[in-house]
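Read the structure below first, then the notes.
The values are calculated or read from the model by the stated rules, or taken from the named source; none is laboratory data. Just so we're clear, the structure is a prediction, and the values are computed from it rather than from any experiment. With ideal geometry, Cβ positions are generated from the backbone for all residues, glycine too; neighbour counts draw on all protein chains shown. We work out accessible area using only protein heavy atoms, side chains counted, and drop any ligands, DNA or RNA first. Shrake-Rupley method; radii C 1.70, N 1.55, O 1.52, S 1.80 Å.
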Protein chains: 2
Amino acid sequence: MRAVESFVAGTWVAGSGGQPVHDAVTGEMIASVSSDGVDLGAAHAFARDIAGPALRGLTFHDRAAILRALGKALLTDTDELYVLSHSTGATRSDAAIDVDGGAGALLAYSGIGRRELPNHTVWVDGDVEKLSRDGSFLGQHIITPRHGVALQINAFNFPTWGMLEKFAPAFLAGVPSIVKPATPTAYVTEVVVRTIIDSGLLPEGSLQFVAGSVAGLIDLLDEQDTLSFTGSAATARVLRGHAAVLDRGVRFSAEADSLNAAVLAPAAGPDTDEFGLFVDEIVNEMTAKAGQKCTAVRRVIVPTRHAGAVEEALVERLRTVTVGDPSAPDTEMGALVGLGQRDDVRDAVDRVGGVRVFDTCEFVGVDPERGAFMAPTLLRATDAASSLAHVVEPFGPVATLMTYDTLDEAVDLVAKGRGSLVASVYGPDLGETAAMTIGIAPHHGRVHTIDASSAAASTGHGSPLPQLVHGGPGRAGGGEELGGLRSVLHYMQRTAVQGSPDLLTAVTGTWVDGAVRRDKGHPFTLYFDELEVGDCLDTGPRVITLDDIEHFAHFTGDLFYAHMDEEAARASPIFEGRVAHGYLVLSMAAGLFVWPDPGPVLANYGVDNLRFATPTYPGTEIRVIFTCKEKSLRAGAGYGEVRWDTKVVDQDGNVLASYDVLTMVAEKEPA
Amino acid sequence: MRAVESFVAGTWVAGSGGQPVHDAVTGEMIASVSSDGVDLGAAHAFARDIAGPALRGLTFHDRAAILRALGKALLTDTDELYVLSHSTGATRSDAAIDVDGGAGALLAYSGIGRRELPNHTVWVDGDVEKLSRDGSFLGQHIITPRHGVALQINAFNFPTWGMLEKFAPAFLAGVPSIVKPATPTAYVTEVVVRTIIDSGLLPEGSLQFVAGSVAGLIDLLDEQDTLSFTGSAATARVLRGHAAVLDRGVRFSAEADSLNAAVLAPAAGPDTDEFGLFVDEIVNEMTAKAGQKCTAVRRVIVPTRHAGAVEEALVERLRTVTVGDPSAPDTEMGALVGLGQRDDVRDAVDRVGGVRVFDTCEFVGVDPERGAFMAPTLLRATDAASSLAHVVEPFGPVATLMTYDTLDEAVDLVAKGRGSLVASVYGPDLGETAAMTIGIAPHHGRVHTIDASSAAASTGHGSPLPQLVHGGPGRAGGGEELGGLRSVLHYMQRTAVQGSPDLLTAVTGTWVDGAVRRDKGHPFTLYFDELEVGDCLDTGPRVITLDDIEHFAHFTGDLFYAHMDEEAARASPIFEGRVAHGYLVLSMAAGLFVWPDPGPVLANYGVDNLRFATPTYPGTEIRVIFTCKEKSLRAGAGYGEVRWDTKVVDQDGNVLASYDVLTMVAEKEPA
């Protein structure tokens, strides 16, 4: 029997004594878990004093690159984890969701970091706020890493994914993690952590691991720390009421019980594609991971007139499910994580009550009493509105059927879950499904609404995705995990900075209007490493004539009356006479600011936030003020992205058009 | 003596009995406050059943228009409120901050709603997430109003602003408010609420008012409700530990104690402008509202070598402050809100300890013992690191001086506040002030960093602004009020919706790629009211020739080598030969999609998110697929804004450029 070790302050160490962990399939004792004697204070100090400063010294892109390398490292050899996962009751397919899904979360957050964050340490949030008329006093929200630790307490069901989906956003944020796995599957998480640590990819202390109790660690947390929890609502409640949260301002987030619903829309009769898709999804949700998913469908809400058909179809499908040895290739449903868990689920089934529609099966190749096996169990509520299925969560292969007559009634039934992670809506009629989606949205973090056109590509009711929020209000814990950058923010602090344009530029690394500009020669002749934000070109002038407008109109075919017809233009509510095409102004502006010879600027790949502020009438003398606004190096690519603040102004300095020009600029000496 | 009435379920009603409220200046009993016998259950039900659905039926712009009208209504006659405010101890200038600032928050949120939100009921958050390769299954975050009540418990110090800065974002969100004023100044808030209700501008039940205890109301809140609190950390702790929050998932937000710091940077010696600006700001923060501001400077952190000069300058300025009758025009500092409050402040001063540098003054025209008057009080910490000024908040005209030697030491001292609403940094050296700003950012919701160039226009250390976050981590409560839309989100639920393109279009009102397109003739001939999202134009083709490129280059002056020189273009890492100008492609595209005759489309006022996906080589046949993506009516303007999804594709359907074209389109029958 192995003792699961903790990894603290750079050292692997086993706690003394330990809680026994049993194989879910055979009932054998296979590991022990304890943090007794593990120096939790050292873990906290190491994270805050050593890892935090090191992580904050890396840019978002540096951190993203590490996440990518880690994700790839985990995917190089997954077999050991698959095999180990069978002992938790997981089938091969369950294990793939956990292991490949976990590595996928690292890769996804790497991509999100590289695409959506700058290659800097400060994240600029939203626009500059002009706080004074003269522009000398501005505001800008910035987002910086909290100077604390992310203590992450995970659930037993996804020992790999559960850890990595919290670790990835914290790491990208620049905050070190201390991971506490659930005891029943801690031995799987330990192997993942060892692989990560052995890869040598992480800055020291950015990931620590404590198997066993972390009560002593929670006592050390303060307002710069974050505590994230996945598990039961009861434990979430204890943590939310802990002095760390109530007195010391620890930021707390939970992802807890969730009585997720799936709704069959009225128009989805037994003859529709959506009916069959719905039945398949329910069976899948009941059996995948033996129903031990926080997102699993617990409440099956169907129109009264289709209820008989749904029940019949579900029973027919459930009869064919192969339950048994998770390592056997044909097994569709393995074991629950342990005998205690099975007792809890059986007890919850009794409490939910209603009619037992289906609750037996054959167990293939296993002793169903030594292992934690259980038949898929379908219940029918005798009274939908008062069913305890809205309140009690059997965390296993269990769902309850209930019926509704009107759309409003269905919305009300769904809402009785008092906040869930996810709901599904199946139906062929967009009017019905869109109304249902909007009606139940305030009660959910995610709504999965499917018809025949989207079903084939759907990732499924039960799958949280890195891009989309995972979390829900109320009973579901009120947290927001994943959702791209939304969860990264959870580990950071948003701060409004007020000051002069130069101060904001110094703080954010982004040039803002009114800050110092520098003329170092044409900025298109400067390589990425030579360019500084604030480097500026003030071009010579060019007069836009009526001939130019005529010429441009016939050349491009844009004969809009406001350019062509003095009288008609005057009659419009906008213009005082013929006006230059906006695209003509843009094109002429490029003619003014471009540097013709080969040089560092490789291409102009886009334009953002173009606004034509004032019409440009014939005879206007335009010039362009062109300023390096933001630089973000594409490490290893030989170039960086440079954003230029671009203002086309007239002879009196009035802004005619403003926009950001986006360019790729070569490095002089690529690293 | 008047009984402050509550406004519940459409009726004004006085509670029985009541807590006495005294005039801050004379000590006379002037009002009583009680909610005994007020039907709090009716308030909750009325908000949820009547007001919520009505509010959710309005668009963001509808709600913004109401906020604007309300703000204007409040500003038409402020004299009564100014006079009443004197009884709370407020000077004319204190009252203006409260009253005009409160109305200003309504106007600001009106502007934010009209500018940053659509004229719709669903708020689309972030980009469409492509969840399948074929584009048939997508994700989109939406934000919808929670189906509950916003219970807002306010502090005594700003009876008008404090209420309105919470009400405005909740109303814009579409959530009804129940306001509980602090007892000592409830009689001022009552007048404001009467003005609002009497204006008849609000949908029934969207603002209710309960003077006195709301304990019974908190017992009714559940996971769709929001509880916002401003006041002491002790009360915030009680609320955060309430069963409503712990067990029932009520979303809780607090803005509590905050030991705000102001830091003088090392380079800001006595001969600098910043030194004088700093001293002025400290005196202002100590005396405005008699120091009863959650944002007031409590800790004055200065370089050891300038400490003597700072102390001397502060004392000199404090000597000149006129303290006394708040209704007298020369008075710079009025009274605390009451004798109990003064006792608390005196007690806190004793607990903070240190040296009393300044604590006496003459009280002009008042009896300083009958009224709650107190001298500005400057303390000096004997040991900065261990001072209780980091822990105890005297909520009155009190600040403590402390010293540092290095920048890091200053950052550490600031952090000892364990989370504050705001800190100020004053100094002439951007290197110092930017480093300090970033160093302390994780401990603050706002950092106000000033030098001589920004001081004149600064809105001041103590002023929360609607555009910027007001709130702070840790001791400051962990909330985020104001900050534009950031606080509106607090009253809403974010939900990831997954489904087909058509489903997302039906839910959001925004056309997404892959959804049904409709050809109803050229869409530029359709008026705003006739246009539907999905209306589409697929233009005829046009070949872009080398002649076109030559011609455009010489016409615009854009002779970038990649357009002009085959060999040089080939040598670049991007292009395979001479390539068309991006601006040429744009211009030709406009020539293809524009409708020349006068009609509903008034102007193309901008372009968003332009990306050149593939280079356009000579000989390419381009066409444009142009689709109505989003409509937002400018009510009363006679037109609406229409956003068009624009894709320039080649003969094989490859996307060359994609962007959004922004137009103003006239209504056929303006309302």
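From B:Glu165, B:Glu80, grab the single residue that is at pLDDT below 95 and either under 24 Å from B:Leu339 (Cα atoms) or more than 14 Å from chain A (Cβ to nearest Cβ) (or both). Testing whether each residue is at pLDDT below 95 and either under 24 Å from B:Leu339 (Cα atoms) or more than 14 Å from chain A (Cβ to nearest Cβ) (or both) leaves just B:Glu80. Here B:Glu281 does not qualify as assigned by TED's automatic domain parsing to the domain that holds B:Leu413, on the phi < 0 side of the Ramachandran plot, buried (at least 24 other Cβ atoms within 10 Å of the Cβ) and charged (D, E, K, R). Answer yes or no: is there a residue in the stretch B:55-63 that is in contact (Cβ under 8 Å) with a residue 24 or more places away in the chain, buried (at least 19 other Cβ atoms within 10 Å of the Cβ) and either farther than 18 Å from B:Ala170 by Cα or not assigned by TED's automatic domain parsing to the domain that holds B:Arg146 (or both). No: the stretch B:55-63 contains no residue that is in contact (Cβ under 8 Å) with a residue 24 or more places away in the chain, buried (at least 19 other Cβ atoms within 10 Å of the Cβ) and either farther than 18 Å from B:Ala170 by Cα or not assigned by TED's automatic domain parsing to the domain that holds B:Arg146 (or both).
For the stretch B:536-551, a residue qualifies if it is touching a strand residue (DSSP E or B) at 6+ places or on another chain (Cβ under 6 Å) and among the hydrophobic types (A, V, I, L, M, F, W, C), and the qualifying residues are B:Cys536, B:Leu537, B:Val543, B:Ile544.
Listed by first and then second residue, the pairs linking a residue in the stretch A:232-253 that is touching a residue at least 40 places away in the same chain (Cβ under 8 Å) and more than 8 Å from every other protein chain (Cβ to nearest Cβ) to a residue that is open to solvent by less than 60 Å² (accessible area, probe 1.4 Å) and among the small types (Gly, Ala, Ser), with Cβ atoms under 6 Å apart and 6 or more places separating them unless they lie on different chains, are A:Ala233/A:Ala256; A:Ala236/A:Ala254; A:Ala236/A:Ala256; A:Ala236/A:Gly477; A:Ser253/A:Ser228; A:Ser253/A:Gly479. For the criterion of being more than 7 Å from chain A (Cβ to nearest Cβ) and at pLDDT 95 or above, B:Val579 passes. The set of residues from the stretch B:498-517 being more than 10 Å from chain A (Cβ to nearest Cβ) and closer than 30 Å to B:Gly619 by Cα comprises B:Asp513, B:Arg517.
Residues in the stretch A:368-386 that are part of a loop (DSSP other than H, G, I, E, B) and in contact (Cβ under 8 Å) with a residue 40 or more places away in the chain were compared, and the one that is farthest from A:Gly291 (Cα to Cα) is A:Ala384. Note on the stretch A:244-359: enclosed strands (runs of 3 or more DSSP E) holding 1 or more residues that are closer than 18 Å to A:Ser420 by Cβ and not small (Gly, Ala, Ser) are A:251-255, A:261-264, A:299-303. Residues that are more than 49 Å from the chain's Cα centre (by Cα) and more than 7 Å from chain B (Cβ to nearest Cβ) were ranked within the stretch A:555-568; the one that is least open to solvent (accessible area, probe 1.4 Å) is A:Met564.
Can you tell which of B:Gly353, B:Gly396, B:Gly371, B:Gly365 is modelled with pLDDT under 95 and over 24 Å from A:Gln224 (Cα atoms)?
Exactly one of B:Gly353, B:Gly396, B:Gly371, B:Gly365 is modelled with pLDDT under 95 and over 24 Å from A:Gln224 (Cα atoms), namely B:Gly365.
A single member of B:Val364, B:Val323 is farther than 30 Å from B:Ala234 by Cβ, outside the structural domain of B:Ser93 (by TED's automatic domain parsing) and either without any contact (Cβ under 8 Å) to a residue 12 or more places away in the chain or not basic (Lys, Arg) (or both), and it is B:Val364. Give the stretch A:610-634 a look and list any residue that's aliphatic (A, V, I, L, M) and closer than 17 Å to A:Pro600 by Cβ, or say none. Once the filter is applied, which keeps residues that are aliphatic (A, V, I, L, M) and closer than 17 Å to A:Pro600 by Cβ, the stretch A:610-634 yields only A:Leu633. Residues in the stretch A:82-95 that are of a type in the set (A, V, I, L, M) and open to solvent by 30 Å² or more (accessible area, probe 1.4 Å): A:Val83, A:Leu84. B:Ile143 fulfils the conditions (1) open to solvent by 20 Å² or more (accessible area, probe 1.4 Å); (2) in contact (Cβ under 8 Å) with a residue 24 or more places away in the chain; (3) part of a strand (DSSP E or B); (4) closer than 21 Å to B:Ser487 by Cα except for a single criterion, (1). The requirement of being surrounded by fewer than 21 Cβ atoms within 10 Å (Cβ to Cβ), modelled with pLDDT under 95 and of a type outside the set (Phe, Trp, Tyr) is fulfilled somewhere in the stretch B:321-329, by at least one residue. Kindly indicate the residue of the stretch B:518-534 that is hydrophobic (A, V, I, L, M, F, W, C) and more than 11 Å from every other protein chain (Cβ to nearest Cβ) and also farthest from B:Ala234 (Cα to Cα) among those meeting that condition. Per the criteria, the residue is B:Leu526. Taking the stretch B:393-411 as the range and being in contact with a Gly (Cβ under 9 Å, 6 or more places away or on another chain) and either closer than 16 Å to B:Arg298 by Cβ or aromatic (Phe, Trp, Tyr) (or both) as the test, the residues that pass are B:Pro394, B:Phe395, B:Gly396, B:Pro397, B:Val398, B:Ala399, B:Thr400, B:Leu401, B:Met402, B:Ala410. Say whether the condition of being more than 9 Å from every other protein chain (Cβ to nearest Cβ) and either in contact (Cβ under 8 Å) with a residue 40 or more places away in the chain or touching a helix residue (DSSP H, G or I) at 6+ places or on another chain (Cβ under 8 Å) (or both) is met by at least one residue in the stretch B:601-608. No: the stretch B:601-608 contains no residue that is more than 9 Å from every other protein chain (Cβ to nearest Cβ) and either in contact (Cβ under 8 Å) with a residue 40 or more places away in the chain or touching a helix residue (DSSP H, G or I) at 6+ places or on another chain (Cβ under 8 Å) (or both). Of the residues making up the stretch B:649-669, at least one is surrounded by fewer than 22 Cβ atoms within 10 Å (Cβ to Cβ), more than 14 Å from chain A (Cβ to nearest Cβ) and over 26 Å from B:Asp548 (Cα atoms).
Only one of the numbered conditions (1) in a loop (DSSP other than H, G, I, E, B); (2) in contact with a His (Cβ under 7 Å, 6 or more places away or on another chain); (3) of a type in the set (Val, Ile, Thr) is violated by A:Val414, and that is (1).
So that you can scan it fast, the table gives a plain yes or no per residue for (1) touching a strand residue (DSSP E or B) at 6+ places or on another chain (Cβ under 6 Å); (2) crowded, with 21+ Cβ neighbours inside 10 Å; (3) away from chain B (no Cβ under 14 Å):
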site	(1), (2), (3)
A:Ser213	no, no, yes
A:Gly216	no, no, yes
A:Asp222	no, no, no
A:Arg299	yes, yes, yes
A:Val310	yes, yes, yes
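Of all residue pairs spaced 6 or more apart or on separate chains, those with beta-carbon atoms under 7 Å, a first member in the stretch A:269-283 that is under 16 Å from A:Gly308 (Cβ atoms) and a second member that is charged (D, E, K, R) and in a helix (DSSP H, G or I) are A:Val279/A:Arg317.
Restricting attention to the stretch B:126-140 and to residues that are more than 7 Å from chain A (Cβ to nearest Cβ) and open to solvent by 30 Å² or more (accessible area, probe 1.4 Å), the residue that is farthest from A:Leu421 (Cα to Cα) turns out to be B:Arg133. For the stretch A:435-488, the candidate set comprises residues that are open to solvent by 10 Å² or more (accessible area, probe 1.4 Å) and of a type in the set (A, V, I, L, M, F, W, C); within that set, the residue that is nearest to the other protein chains (Cβ to nearest Cβ) is A:Ala457. In this structure, does A:Gly534 turn out to be within 30 Å of B:Leu421 (Cα to Cα) and either open to solvent by 30 Å² or more (accessible area, probe 1.4 Å) or touching a residue at least 40 places away in the same chain (Cβ under 8 Å) (or both)? Criteria not met by A:Gly534.
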